[in-house]
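Participant: Please read through the structure below; I'll follow up with questions.
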Amino acid sequence: EDMLSKSKSDTNEIMDLFNLNLKAIFQQSESDILEFKSTLRYNTKNKQIDKELEHEVMKTICAFLNSKGGCLVVGYSDDEKMCWGLEKDYESLGNRKDWDGWQQYVESKIKTLMGTTFSGFVTMRQNIFEDDNKKFEIAKIMVQKSKRAVYLKVNNSNTFYIRRNGQTDKLDAKECNEWIKDHNLE
């Protein structure tokens with residue numbers, strides 16, 4: 001019963017974070033349940049599409065699924081304290097260069113790289129943040145804890161990620177088995 005009340009408390013904390021306004025979220029630090037990404041796939045430094053950034057976002061979602069859940073904010077750099085928004089990501093998409101297209105793209109990545117069943121644990125919300133009279137579209141992605149172990153497909157193999165101490169960690173086979181057992185994952 002203690003685990004159940006802890007799980008409920010974690011869920012409430014994540015929901016509260018997800019429902020905070022962006023200004024309040026931007027004042028938070030990354031943690032076991034909060035991660036910031038500048039963009040989904042647009043590298044702001046070399047100004048081009050970077051599939052490695054997508055991989056980082058998917059790793060974070062996978063880690064949240066395997067841990068206690070969390071909130072991922074895409075479109076804001078906590079290091080630079082700067083909004084990037086989703087506009088450059090939109091431009092890089094196929095036919096749908098808008099929020100719907102972006103959301104569908106992320107959803108398809110989750111289904112392809114983690115499995116269709118796990119997309120039901122992910123809720124995405126579009127938010128508008130106004131800064132210096134410029135509007136930025138920011139994504140808040142709430143990820144619920146999964147009851148089953150979730151693996152991310154990386155180069156045709158399955159990789160297990162968790163979230164701890166404010167970062168995403170890859171576990172080896174032994175650590176993975178221990179984590180699954182210790183956290184009551186199936």
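The values are calculated or read from the model by the stated rules, or taken from the named source; none is laboratory data. The shown structure was predicted, so the numbers you read here are calculated from the model rather than taken from an experiment. Positions of Cβ are generated from backbone atoms using ideal geometry, with glycine treated the same way; all protein chains shown enter the neighbour counts. Remember, those area values only see protein heavy atoms, side chains included, never the ligands or the DNA or RNA. Shrake-Rupley method; radii C 1.70, N 1.55, O 1.52, S 1.80 Å.
Participant: How much net charge surrounds residue 139 when only other residues with a Cβ under 10 Å from its Cβ are counted (Lys, Arg +1; Asp, Glu -1)?
Facilitator: +1
Participant: On a 1.4 Å probe surface of the protein chains, which of 124, 82, 58 comes out largest in accessible area, and what is the full order?
Facilitator: 82, 124, 58
Participant: Counting each DSSP H run of 4 or more residues in the chain as -39500 (n - 2.57), what helix-only mean residue ellipticity at 222 nm follows after dividing by all residues, to the nearest 500 deg cm²/dmol?
Facilitator: -11500 deg cm²/dmol
Participant: Next up: Using a cut-off of under 20 Å, list every residue of the range 169-186 whose amide N is near the label point 7 Å from the Cα of residue 56 along the Cα-to-beta-carbon line.
Facilitator: 169-171
Participant: Number of Lys-Lys pairs in the range 4-81 under 23 Å by Cα, sequence gap 8 or more or different chains?
Facilitator: Count of close lysine pairs: 17.
Participant: So for each of 94-105, 11-22 I average, over its residues, the number of other beta carbons within 10 Å; can you give me the resulting order with the highest mean first?
Facilitator: Top of the packing list down: 11-22, 94-105.
Participant: Provide 178, 186, 30 ordered by accessible surface of protein heavy atoms (probe 1.4 Å), highest first.
Facilitator: Heavy-atom accessible area, descending, gives 186, 178, 30.
Participant: Go through 123, 44 and list them by solvent-accessible area, largest first, probe radius 1.4 Å.
Facilitator: Reading off the accessible areas and sorting them downward yields 123, 44.
Participant: Which net charge results when you count Lys and Arg as +1 and Asp and Glu as -1 among the other residues whose beta-carbon is under 15 Å from that of residue 112?
Facilitator: In short, +4.
Participant: Could you state how much accessible area residue 77 has, in square angstrom rounded to the nearest 10, with a 1.4 Å probe and all protein chains kept in place?
Facilitator: Only protein atoms counted, so the area is about 10 Å².
Participant: Angle, helix 173-182 long axis vs. longest principal axis of the chain, Cα atoms, 0 to 90°, nearest 10?
Facilitator: 80 degrees
Participant: Please report, in debye to the nearest 20, how large the charge dipole of the range 1-109 is about its Cα centre when each Lys and Arg carries +1 at its beta carbon and each Asp and Glu carries -1 there.
Facilitator: I would put it at about 320 debye.
Participant: Net charge near residue 169: determine it from the other residues with C-beta under 12 Å of the C-beta of residue 169, scoring Lys and Arg +1 and Asp and Glu -1.
Facilitator: +1
Participant: Give me P(r) over the range 1-103, computed from all C-alpha to C-alpha distances, binned every 5 Å, as integer percentages.
Facilitator: 2, 12, 20, 21, 20, 13, 7, 3, 2, 1, 0
Participant: Say R0 is 35 Å: what FRET efficiency, to the nearest 0.05, do residue 43 and residue 184 get from their beta-carbon distance?
Facilitator: The calculated FRET efficiency here is 0.35.
Participant: Assuming R0 = 22 Å, can you tell me the calculated FRET efficiency for the pair residue 12 and residue 125, based on Cβ-Cβ distance, to the nearest 0.05?
Facilitator: Plugging the Cβ-Cβ distance into 1/(1 + (r/R0)^6) gives 0.80.
Participant: Moving to a separate point now. What Kirkwood Rh does the range 37-186 have if only Cα atoms enter the pairwise 1/r average? Answer in Å.
Facilitator: Kirkwood hydrodynamic radius for the range 37-186: 16.0 Å.
Participant: Can I ask one more? How do 112-119, 165-172 rank on mean C-beta neighbours within 10 Å, highest first?
Facilitator: In descending order of packing, they fall as 112-119, 165-172.
Participant: Over the heavy atoms of residue 55, what accessible area does a 1.4 Å probe trace out, to the nearest 10 Å²?
Facilitator: Surface accessible to solvent at residue 55 totals approximately 50 Å².
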